[in-house]
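Reading through the structure tokens given below for one structure.
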Amino acid sequence: MISCLIVWNKATNLFKNVRNIFEKNEEFVFCVKELEALLISQDVNIKTAQQLVKNLPKSKDPIVVLDHLKKELLSILVPCEKKFVLPDVPLAIVLVCGVNGGGKTTTLAKLSKYLTKDGKKIGLVAADTFRAAAIDQVEVWGKWLDVPVYSGQVNGDPASIIYQSVDWAKPLGLDVLLVDTAGRLQNKKNLMDELAKIKRVIQKQIPEAPHETILVLDGTTGANIIAQTKIFHDITPLTGIIMTKLDGTAKGGGLVSLASLFKLPIYFLGTGEKETDLDVFSSQVFVEKLFAETPFDRVEPV
Ligand code: GDP
């Protein structure tokens, strides 16, 4: 099995920084203030940072502080750990949404790879008809992964494409349709109408669909992910999150805020550009990596 290790805290080593804060400051109260500022610099939002330091034990021992922080982080993250399991239905529909450029299409391919390993027969649906490149990209992934793709015309109606894709999937004996949807946040009204219509139309075919509505978020966009999640969650209730690009300069704190504010399941983390670069989210592993003393770089698959 291919595996790789990643570093999320390449930019700054949280462990060393926490230690420095507690070694350099005489007064405990200053340590707490600096610690709060450090967490905010790691993309943790203010409210969550305050929550994390609130019950800090009055100790200047960095190990005690780190242990406390880890426990607090886990108490936020563990409730968001949920295995991605699709219901046992003849055809499961998974809508994948997110802002353009965030890694939506790549994640579609990664999910396809992941579910294929479970023996599921997957079809990809290119329903982001706003950009020709988005349709092409899904088709390229389909060829690469040897997975069938249903795509519409550029500027076609996404809802009718998805409706047709259900009829297309049945004779092929597919178990799951992974649907790439548009991600134009600039026009919230259009996006809202489009996603609402997709749901309405698809429910004519499969009343309980979509079975999952997953938001893909770019981990390098910092605090922005909170605003994006709020908009998408308001438009269409999300059932889970996948955060991408945690192999780069992302700091990881954004995910903590997200978990604290929305409490949505975090299914996977994207850790690279290949179809295998998808890690099942584990709060324990995530927290350990946030504080890893020696940041480690990507280890190529062995
Ligand atoms: P979309 O516009 O949301 O569909 O985004 P794409 O799937 O086209 O991805 C945009 C860019 O991000 C591409 O260059 C992808 O290879 C890259 N990408 C996607 N996911 C990851 C990831 O987890 N890590 C890294 N480093 N790059 C990623």
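Taken together, the residues in the range 222-257 that are more than 16 Å from the ligand (Cβ to nearest atom) and either among the aromatic types (Phe, Trp, Tyr) or in a helix (DSSP H, G or I) (or both) amount to 9. Taking the criterion of being in contact (Cβ under 8 Å) with a residue 12 or more places away in the chain, surrounded by fewer than 20 Cβ atoms within 10 Å (Cβ to Cβ), under 22 Å from residue 166 (Cβ atoms) and out of contact with any Asp or Glu (no Cβ under 9 Å at 6 or more places or on another chain), the residues of the range 202-234 that qualify are 204, 206, 208, 211. Determine whether residue 92 is within 26 Å of residue 183 (Cα to Cα) and within 16 Å of the ligand (Cβ to nearest atom). Spelling it out, it is not the case that residue 92 is within 26 Å of residue 183 (Cα to Cα) and within 16 Å of the ligand (Cβ to nearest atom).
In the range 158-179 there is no residue matching the filter, namely being surrounded by fewer than 23 Cβ atoms within 10 Å (Cβ to Cβ) and within 16 Å of the ligand (Cβ to nearest atom).
Restricting attention to the range 258-269, the residues that are out of contact with any Leu (no Cβ under 7 Å at 6 or more places or on another chain) and assigned to a loop (DSSP other than H, G, I, E, B) add up to 2.
None of the figures in this text is laboratory data; all of them are computed from the coordinates on show. Computed from a predicted structure; not experimentally measured. All Cβ positions, even for glycine, are placed from backbone atoms using ideal geometry, and neighbour counts span all protein chains on display.
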